[in-house]
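The values are calculated or read from the model by the stated rules, or taken from the named source; none is laboratory data. Not measured: the values here are computed from a predicted model. Here Cβ is always computed from backbone atoms with ideal geometry, including for glycine, and neighbour counts include all displayed protein chains.
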Amino acid sequence: MLEIKELHKSYPIGDSSLHVLKGINLSVKEGEMVAIMGSSGSGKSTLLNIIGMLDEADSGSYVLDGIPIKNLTEKKAALYRNRFLGFIFQSFNLINYKNALENVALPLYYQGVKRKERQEQAMFYLEKVGLADWSHHLPKELSGGQNQRVAIARALAANPKLLLADEPTGALDTHTSYDLMAFIQELNDEGKTILMVTHEEDIANMCKRIVRLRDGIIMEDKLVELDSRITCLI
Ligand code: ADP
Ligand code: MG
């Protein structure tokens with residue numbers, strides 16, 4: 001699914017630069033559910049953004065689904081992003097003047113899907129996340145957990161091969177977080193490949209593999225033992 005070798009990334013600060021990723025090697029296979037952990041500022045989001053083609057590495061290689069991701073035009077990058085990737089963020093990133101259905105339908109609009117089919121598909125995914133009855137509600141009329149489900153439905157609508165999540169439970173209380181993770185585990189059980197950033201141990205232990213970043217390198221990469229894996233049941 002994805003193969004990263006010797007990836008480096010620095011950010012310029014004034015005359016010097018901040019070396020954030022110092023040779024990352026990571027490969028993820030189809031069907032995995034991986035947590036990327038590390039303290040604040042360790043480069044988790046930087047890595048996820050490079051994987052999500054929202055940012056580019058300075059050196060190293062990144063191959064996604066057999067395609068080398070390097071020097072792509074904006075257009076090509078957008079095409080691959082739409083085709084391969086779904087994103088979930090801590091802050092949901094929904095459009096506040098569009099209702100749940102319209103938010104979920106938006107990526108389909110960008111894919112050129114016709115209106116009626118857009119609406120049907122968006123409704124299908126809203127049903128999947130358990131929000132069929134809330135389709136005409138605006139984000140401000142929904143709870144945090146519901147909004148994150150809308151965001152997941154939006155990410156799923158384009159049927160991505162890989163779901164990327166940056167602290168998806170960061171803005172939710174414990175109960176709502178576990179509920180959401182149960183749903184994400186279900187998606188993974190259905191075969192969706194998932195890569196999520198978190199700094200919460202319990203959330204990471206709901207994944208199947210934990211990758212720990214420190215000082216710009218991966219200091220640990222281990223499978224979560226079956227008997228220590230937290231399974232949430234809805
Ligand atoms: P994490 O997600 O693990 O908290 P980040 O990847 O967001 O860490 O950031 C890693 C480091 O890079 C931090 O020190 C952060 O301040 C810095 N950084 C992140 N993005 C930028 C940017 N666009 N410009 C300059 N520095 C940045
Ligand atoms: Mg971050």
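Data for the structure
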| read-out | value |
| --- | --- |
| Set Glu186, Glu225, Glu220, Glu200: member being surrounded by fewer than 20 Cβ atoms within 10 Å (Cβ to Cβ), within 16 Å of ligand 2 (Cβ to nearest atom) and free of Cβ contacts under 8 Å to residues at least 60 places away in the same chain | Glu200 |
| Inter-residue pairs, beta-carbon under 8 Å, first closer than 15 Å to Met33 by Cα and within 16 Å of ligand 1 (Cβ to nearest atom) and in the range 164-182, second of a type in the set (Phe, Trp, Tyr) and not in a loop (DSSP other than H, G, I, E, B), 6+ apart | Leu164/Phe87; Ala165/Phe87; Ala165/Phe89; Asp166/Phe87; Asp166/Phe89; Glu167/Phe89; Pro168/Phe89 |
| Flag if Thr198 is in contact with a helix residue (DSSP H, G or I) (Cβ under 6 Å, 6 or more places away or on another chain) and more than 30 Å from Gly66 (Cβ to Cβ) | no |
| Selection within the range 66-81 - surrounded by 15 or more Cβ atoms within 10 Å (Cβ to Cβ) and of a type outside the set (Val, Ile, Thr) | Leu72, Ala77, Tyr80, Arg81 |
| Residue within the range 192-210 that is among the charged types (D, E, K, R) and under 24 Å from Leu126 (Cα atoms) present | yes |
| Residue satisfying condition, being buried (at least 19 other Cβ atoms within 10 Å of the Cβ) and near ligand 1 (Cβ under 9 Å from one of its atoms), within set Ile36, Ile4 | Ile36 |
| Single unsatisfied condition, Ser27 versus (1) within 16 Å of ligand 1 (Cβ to nearest atom); (2) within 16 Å of Leu213 (Cβ to Cβ); (3) over 15 Å from the mean Cα position of the chain (by Cα) | (1) |
| Qualifying residue in the range 55-63 (condition: assigned to a strand (DSSP E or B), of a type in the set (Val, Ile, Thr), at pLDDT below 95 and away from ligand 2 (no atom under 16 Å from the Cβ)) | no |
| The range 10-48, residues that are of a type in the set (Gly, Ala, Ser), without any contact (Cβ under 8 Å) to a residue 40 or more places away in the chain and in contact with a strand residue (DSSP E or B) (Cβ under 7 Å, 6 or more places away or on another chain) | Ser17, Ser27 |
| Test: residue in the range 118-129 that is free of Cβ contacts under 8 Å to residues at least 24 places away in the same chain, β-branched (Val, Ile, Thr) and out of contact with any strand residue (DSSP E or B) (no Cβ under 8 Å at 6 or more places or on another chain) | no |
| Filtered residues of the range 92-108 (kept if assigned to a loop (DSSP other than H, G, I, E, B), surrounded by 21 or more Cβ atoms within 10 Å (Cβ to Cβ) and not aliphatic (A, V, I, L, M)) | Phe92 |
| Neighbours by Cβ (under 9 Å, 6+ apart or cross-chain): first from the range 91-110, closer than 16 Å to Arg149 by Cβ; second assigned to a loop (DSSP other than H, G, I, E, B) and among the basic types (Lys, Arg) | Ala105/Lys98; Leu106/Lys98 |
| Flag if Gln119 is within 16 Å of ligand 2 (Cβ to nearest atom) and either in contact with a Cys (Cβ under 6 Å, 6 or more places away or on another chain) or not hydroxyl-bearing (Ser, Thr, Tyr) (or both) | no |
| For Met196: the one exception among (1) farther than 20 Å from Leu94 by Cα; (2) out of contact with any Gly (no Cβ under 8 Å at 6 or more places or on another chain); (3) within 16 Å of ligand 1 (Cβ to nearest atom) | (1) |
| Filter result (more than 15 Å from ligand 2 (Cβ to nearest atom) and assigned to a loop (DSSP other than H, G, I, E, B)) within the range 15-50 | Asp15, Lys29, Glu30, Gly31, Glu32 |
